[in-house]
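Just below is one structure, and these are the notes that go with it.
The values are calculated or read from the model by the stated rules, or taken from the named source; none is laboratory data. Quick caveat: nothing in here was measured; it's all calculated off a predicted structure. For neighbour counting, all protein chains shown are included, and Cβ atoms are generated from backbone atoms with ideal geometry for every residue, glycine included. Surface areas here come from the heavy atoms of the whole protein model, side chains and all, with no ligands, DNA or RNA. Shrake-Rupley method; radii C 1.70, N 1.55, O 1.52, S 1.80 Å.
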Amino acid sequence: LRVSEVCDLTMPDLDMQARKLVVHDGKGGKDRTLWFSERVRNALAEWLEVRPEPAEDGQKWVFPTRTGRRTSRQSIHRTIKTYAEKAELEEADQVSPHTLRHTFATDLYRQTGDIRTVQRALGHADISTTMIYTHIVDEELQEAMQALE
């Protein structure tokens with residue numbers, strides 16, 4: 001998800017039984033459906049047990065603030081930076097929500113080899129935007145093949 005899509009995700013967008021979520025009005029005003037693993041469902045279920053109650057506006061955000069309001073993009077950025085530092089990641093100061101999205105896309109492309117699947121998952125209108133992930137995997141292939149003896 002884009003960070004703004006995480007902020008906008010509400011409980012009606014989430015179907016825990018089917019393990020899917022719907023992004024409404026993503027970039028370009030498009031809706032898309034995404035599915036998630038059993039492991040993610042379990043983590044979400046744990047979160048939903050302890051997440052703050054909705055604020056007086058009644059909107060049931062999936063990831064609200066402590067007071068039940070909509071989370072800001074800046075708050076998500078800060079949280080990811082904090083956890084990257086706690087994990088002592090190299091270049092933790094460079095980690096962002098987009099880093100997570102990029103990592104997901106690269107892993108999805110590695111697993112499927114299908115750039116159209118990655119395009120649909122990311123919500124890219126133009127396939128050329130998605131093509132960067134093929135270059136990353138191609139570089140890995142080049143390095144692996146050149147290392148053969």
> Once amide H atoms are built 1.01 Å from N in the peptide plane, which residues 5 or more positions from LYS20, or in another chain, come under 5 Å H to H?
Replying inline: ASP15, PHE36
>> Residues of the stretch 37-60 with backbone nitrogen within less than 14 Å of a virtual label 7 Å along the Cα-to-Cβ line of ARG69, please, listed as ranges.
In response: 54-59
>> Which one, LEU108, LEU100, LEU89, has the greatest fluctuation when you compute a Gaussian network model over the chain with C-alpha springs under 10 angstrom?
In response: LEU89
> So who's got an amide H within less than 5 Å of the one on ALA55, skipping anything under 5 residues away but keeping other chains? H placed 1.01 Å off N, in plane.
Replying inline: ARG69
> Hey, how many Å between the Cα centroid of the stretch 96-131 and the Cα centroid of the stretch 37-89?
Replying inline: 23 Å
> Length gain on complete extension for the stretch GLU49 to GLN146, per 0.36 nm per residue less the alpha carbon to alpha carbon distance?
Replying inline: 29.9 nm
>> Apply the Karplus curve 6.51 cos²θ - 1.76 cosθ + 1.60, θ = phi - 60°, to the phi angles in the stretch 16-27 and return the couplings in whole Hz, x for Gly and Pro.
In response: 5, 5, 7, 6, 9, 9, 10, 8, 9, 6, x, 3
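Once the piece of chain linking ILE132 and VAL40 is laid out straight, how much longer is it, given 0.36 nm per residue of separation minus the C-alpha distance between them? Working shown, then result.
Values: separation 92, 0.36 × 92 = 33.12 nm, distance 2.63 nm.
So the chain would gain 30.5 nm between ILE132 and VAL40.
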> Given +1 on the Cβ of Lys and Arg, -1 on the Cβ of Asp and Glu, and no further charges, what dipole in debye does the chain carry about its Cα centre, rounded to the nearest 20?
Replying inline: 700 debye
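With each run of n ≥ 4 DSSP H residues scored as -39500 (n - 2.57), what mean residue ellipticity at 222 nm is computed for the chain after dividing by its residue count and rounding to the nearest 500 deg cm²/dmol?
Working: 7 runs with 76 residues, N = 149.
Only helices count here, giving -15500 deg cm²/dmol.
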> To the nearest 10 square angstrom, how much accessible area does ARG51 have with a 1.4 angstrom probe?
Replying inline: 40 Å²
>> If amide hydrogens are placed 1.01 Å from N in the peptide plane, which non-local residues have theirs closer than 5 Å to the one on THR10?
In response: VAL62
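Leaving out ligands and nucleic acids, note down the accessible area per residue over the chain with a 1.4 angstrom probe, in whole Å².
69 Å²
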>> Within 11 Å, Cβ to Cβ, of PRO97, how many net charges do the neighbouring residues add up to if Lys/Arg are +1 and Asp/Glu are -1?
In response: +4
> Applying the Karplus parametrisation 6.51 cos²θ - 1.76 cosθ + 1.60 with θ = phi - 60° to the phi angles of the stretch 82-90, what ³J(HN,Hα) value in whole Hz is obtained for each residue in order, glycine and proline being reported as x?
Replying inline: 4, 6, 5, 5, 4, 7, 6, 5, 4
>> Solvent-accessible area of MET11, probe 1.4 Å, all protein chains present, reported in Å² to the nearest ten, please.
In response: 50 Å²
> Mind listing the phi-derived Karplus ³J(HN,Hα) values for the stretch 5-12, rounded to whole Hz, using 6.51, -1.76 and 1.60 with θ = phi - 60°, and x for any glycine or proline?
Replying inline: 6, 5, 4, 8, 5, 10, 4, x
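Count the lysine pairs in the chain whose Cα atoms lie under 28 Å apart, taking only pairs 8 or more positions apart in sequence or on different chains. If you can, show how the numbers build up before the last one.
Numbers: LYS20/LYS30; LYS20/LYS60; LYS20/LYS81; LYS27/LYS60; LYS27/LYS81; LYS30/LYS60; LYS60/LYS81.
Taking the Cα cut-off of 28 Å, the pair count is 7.
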>> Could you compute how much accessible surface THR71 exposes when probed at 1.4 Å, giving the result in Å² to the nearest 10?
In response: 10 Å²
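Summing +1 for each Lys or Arg and -1 for each Asp or Glu, what net charge is found among the other residues whose Cβ lies under 11 Å from the Cβ of LEU14? Mind showing how you got there, number by number?
On the way: positive: ARG19, LYS20, ARG41, LYS60; negative: ASP13, ASP15.
Combined, the nearby Lys, Arg, Asp and Glu give +2.
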